[in-house]
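Since the structure comes first, as structure tokens, the remarks are kept for the end.
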Amino acid sequence: MCINHTLSDPASITSGAVQGSVLGQLLFILFINDIFEHISYGEPFLYADDLKLVYHFKDQSQSTIEDKINSDINNIFLYTQNWLLNLSHDKCFYLNIGNSHNLSLSINGQPISQKNVVRDLGLLYSNTLNFSETVSHNLSRSRYRTGIILRNFSSIDMRHKLFISLVRPLLEFYPFLYNSFLAMDKVKLESPQRYFTSRIITDPIDYHIRCSMLNCHPIWVRMFILSITFMHKLVYKRFFTNLECLIFKPQSYSTRYVSCMLSIRARTTKFRKFFSVNYIFVWNSLPPHIRKVNNFGNFKRLIIAFCNSTLFTSFAIRNGLCPIT
């Protein structure tokens, strides 16, 4: 440590990594990466020091389920003790999806509580998996910010810029989950922008016309643009996906992807609400001259131009993109 050009005495570090260092994150990942070898029954998902275990049981007794989960938890606890890591019991809980059984789970004799709503990397969701909790939370924040902007700024240009930069990102969260939202939640997501545009343009005209006059798309159109551009990155292998059931198989294409019609391997209703499953049908409905564009920047410009064209309305209705308001 250096204070006023004076260095402290050196000290050896036997464990841990310096907080805020460049290599700290990489060293920690390397340090903890073998934790998967100690999990026998669950499917682990690890992000930095945040570990989730996912279990799927069919036709098994509750005692058997508890024994298997507790076995994995005990192995993780022993692993952390051996490598001088601490488990935060207060941040440990379980979410039960599909039934109402209360499981008896514990860490080193301390019971693990059950929660109905959890926060995972900023996303709130419950055992219904319709993400209404996140929608309500972000709506509350967006309405609060909209009120501050309208009360404290009189310039239309300044209001518009602040809304675009501070409010709309709250309404455009996780576009790949948009298809999983309830219909009423999709309608609710439009309400902050609907209210904001009505305060800017006081004439009694349609919401979509107000958006056009302010050169901004409705939220559902923005969700489509974000989702279809994300889909473009998946199709042209700019993103990695490990969902083997959703491997893209071109139905017909040339070496230049002239038509680029896609089919999917997944056929069961289990995957019906998956983003990739849903948006493959939307992708196949795009005009061929847009689908074949490999360059991401050109593709995005064509999509925005398509959204501003007269053809987009029928396209949106045909693919169920526009929420009923």
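Observations on the structure shown:
- Excluding same-chain neighbours fewer than eight residues apart, the aspartates and glutamates reachable from Lys58 by a Cα-Cα span under 17 Å are Glu43, Glu66, Asp67.
- In plain terms, the C-alpha convex hull of the range 1-82 casts an average shadow of 7.4 nm² when viewed from every direction.
- FRET efficiency, 1/(1 + (r/R0)^6) with R0 35 Å, evaluated for Asp50 and Ala305 via beta carbons: 0.30
- In this label model, Ile148 and Phe281 are separated by 4.1 nm, measuring between points 7 Å along each Cα→Cβ vector.
- Contour minus Cα-Cα distance for Tyr41 and Cys2 (0.36 nm per residue): 9.2 nm
- Max mean-square fluctuation residue, GNM over the chain, Cα-Cα springs under 10 Å, options Leu171, Leu53, Leu189: Leu53
- Distance-filtered residues of the range 173-193 - backbone nitrogen under 17 Å, label point 7 angstrom along Leu123 Cα→Cβ: 173-182, 186
- Relative exposure of Tyr125, Tyr144, judged by other C-beta atoms within 10 Å (fewest first): Tyr144, Tyr125
- Acute angle (nearest 10 degrees) that the helix 275-285 long axis makes with the longest principal axis of the chain, alpha-carbon atoms: 20
- For the listed residue pairs Lys188/Lys237; Lys186/Lys237; Lys68/Lys91; Lys68/Lys188; Lys188/Lys300; Lys161/Lys300, the alpha carbons are over 31 angstrom apart in Lys188/Lys237; Lys68/Lys188.
- Short to long, the 10 Å bins of the Cα pair-distance histogram for the range 117-178 hold 21, 44, 23, 11, 1 percent of all pairs.
- Residue exposure sequence - Glu37, Glu190 - by fewest surrounding Cβ within 10 Å: Glu37, Glu190
- The chain: angle of helix 183-200 to the longest principal axis, Cα-based, in degrees nearest 10: 60
- Order of Met231, Met184 under a 10 Å beta carbon neighbour criterion, fewest first: Met184, Met231
- Whole-Å semi-axes of the range 21-134's equivalent ellipsoid (Cα gyration tensor): 25, 19, 13
- A cut-off of 5 Å between modelled amide H atoms, ignoring neighbours fewer than 5 places along the same chain, links Leu124 with Thr134.
- Descending Cα extents along the principal axes, the chain, whole Å: 65, 60, 45
- Nearest-ten-degree value, helix 132-152 long axis tilted from longest Cα axis of the chain: 60
- Inter-site label distance for Trp83 and Val18 at 7 Å from Cα along Cβ, in nm: 2.3
- Computing FRET efficiency as 1/(1 + (r/R0)^6) for His289 and Arg318, where r is the C-beta to C-beta distance and R0 is 22 Å, gives about 0.75.
We did not get these values from a lab; they are worked out from the coordinates using the rules stated. Small disclaimer: the values here were computed from a predicted structure and weren't measured. Ideal geometry is used to build each Cβ from the backbone, glycine not excepted, and the neighbour counts take in all protein chains shown.
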